1. Just a yes or no: is a residue in segment 58-76 of a type in the set (D, E, K, R), open to solvent by less than 60 Å² (accessible area, probe 1.4 Å) and in contact (Cβ under 8 Å) with a residue 24 or more places away in the chain?
2. Please pick out the residue among ARG19, ARG57 that is modelled with pLDDT of 95 or more and of a type in the set (Lys, Arg).
3. Filter segment 27-44 down to residues that are open to solvent by less than 80 Å² (accessible area, probe 1.4 Å) and at pLDDT 90 or above and give me whichever is nearest to the chain's Cα centre (by Cα).
4. Enumerate the pairs (first residue in segment 99-126 and among the small types (Gly, Ala, Ser); second residue anywhere and assigned to a helix (DSSP H, G or I)) with beta-carbon separation below 6 Å, excluding pairs fewer than 6 apart on the same chain, so at least 6 apart or on different chains.
5. Would you point out the residue of segment 83-98, among those that are in a strand (DSSP E or B), open to solvent by less than 10 Å² (accessible area, probe 1.4 Å) and of a type outside the set (Phe, Trp, Tyr), that is farthest from ARG38 (Cα to Cα)?
6. Taking ALA24 as the residue in question, decide whether it is in a strand (DSSP E or B), over 11 Å from the mean Cα position of the chain (by Cα) and hydrophobic (A, V, I, L, M, F, W, C).
7. Of TYR80, TYR115, TYR103, which residue is more than 17 Å from LEU4 (Cβ to Cβ), aromatic (Phe, Trp, Tyr) and open to solvent by 20 Å² or more (accessible area, probe 1.4 Å)?
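The values are calculated or read from the model by the stated rules, or taken from the named source; none is laboratory data. This structure is a prediction, so every number in the text was calculated from the model and none was measured. Counting neighbours? That spans all protein chains shown, and the Cβs are built from the backbone with ideal geometry, glycine included. Note: areas computed on protein heavy atoms with side chains; ligands, DNA, RNA excluded. Shrake-Rupley method; radii C 1.70, N 1.55, O 1.52, S 1.80 Å.
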Amino acid sequence: QVQLVESGGGLVQAGGSLRLSCAASGRTFSNYGRGWFRQAPGKEREFVAAIAWSGGRTYYADSVKGRFTISRDNAKNTVYLQMNSLKPEDTAVYYCAVRNSPYYSDVGGTASYSYWGQGTQVTISS
């Protein structure tokens, strides 16, 4: 099974930048698409961004489009989330995930993903 190891979370002032990384490890590796989700206290887990592993097509939630960029390094089995112009509303636990299908329908639905990272805390202060 795939394990996802995340890094890069932390505390950043509003307007700052942060880059999250998520590397896949374990005895099973999937080249299906990847996604980033986030969950703030008392709120539902919400979609942030996704990327197709082969073609690299990207998808973004309206709340982050223009500020966040998702990318991947296929050779390193790693996906990144570059977060710029951060706002206090971006404060959440961020999770990376691997899709459960080679297809790309419902990219923002949690049910479309099979493997999840442990989550990394991102806190934006004002």
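1. Step one: list which residues in segment 58-76 are of a type in the set (D, E, K, R), which gives 62, 65, 67, 72-73, 76.
Checking which are open to solvent by less than 60 Å² (accessible area, probe 1.4 Å) leaves us with 67, 73.
Narrowing further to those that are in contact (Cβ under 8 Å) with a residue 24 or more places away in the chain: none.
No.
2. Numbers: ARG57 fails: modelled with pLDDT of 95 or more.
Of ARG19, ARG57, the one residue that is modelled with pLDDT of 95 or more and of a type in the set (Lys, Arg) is ARG19.
3. Step one: filter segment 27-44 for residues open to solvent by less than 80 Å² (accessible area, probe 1.4 Å), giving 28, 30, 32-40.
Okay, now just the ones that are also at pLDDT 90 or above, so 33-40.
On the way: GLY33: 11, ARG34: 7, GLY35: 5, TRP36: 2, PHE37: 5, ARG38: 8, GLN39: 11, ALA40: 14 Å.
Top of the filtered list is TRP36.
4. SER126/PRO88
5. Taking segment 83-98 first, the residues in a strand (DSSP E or B) are 83, 92-98.
The next check asks that each one be open to solvent by less than 10 Å² (accessible area, probe 1.4 Å); those that pass are 83, 92, 94, 96-98.
Okay, now just the ones that are also of a type outside the set (Phe, Trp, Tyr), so 83, 92, 96-98.
Details: MET83: 13, ALA92: 6, CYS96: 9, ALA97: 11, VAL98: 14 Å.
If we take residues in segment 83-98 being in a strand (DSSP E or B), open to solvent by less than 10 Å² (accessible area, probe 1.4 Å) and of a type outside the set (Phe, Trp, Tyr), then VAL98 is farthest from ARG38 (Cα to Cα).
6. Details: in a strand (DSSP E or B): yes; over 11 Å from the mean Cα position of the chain (by Cα): yes; hydrophobic (A, V, I, L, M, F, W, C): yes.
Yes.
7. Working: TYR80 fails: more than 17 Å from LEU4 (Cβ to Cβ); TYR115 fails: more than 17 Å from LEU4 (Cβ to Cβ).
Within the list TYR80, TYR115, TYR103, the selection yields TYR103.
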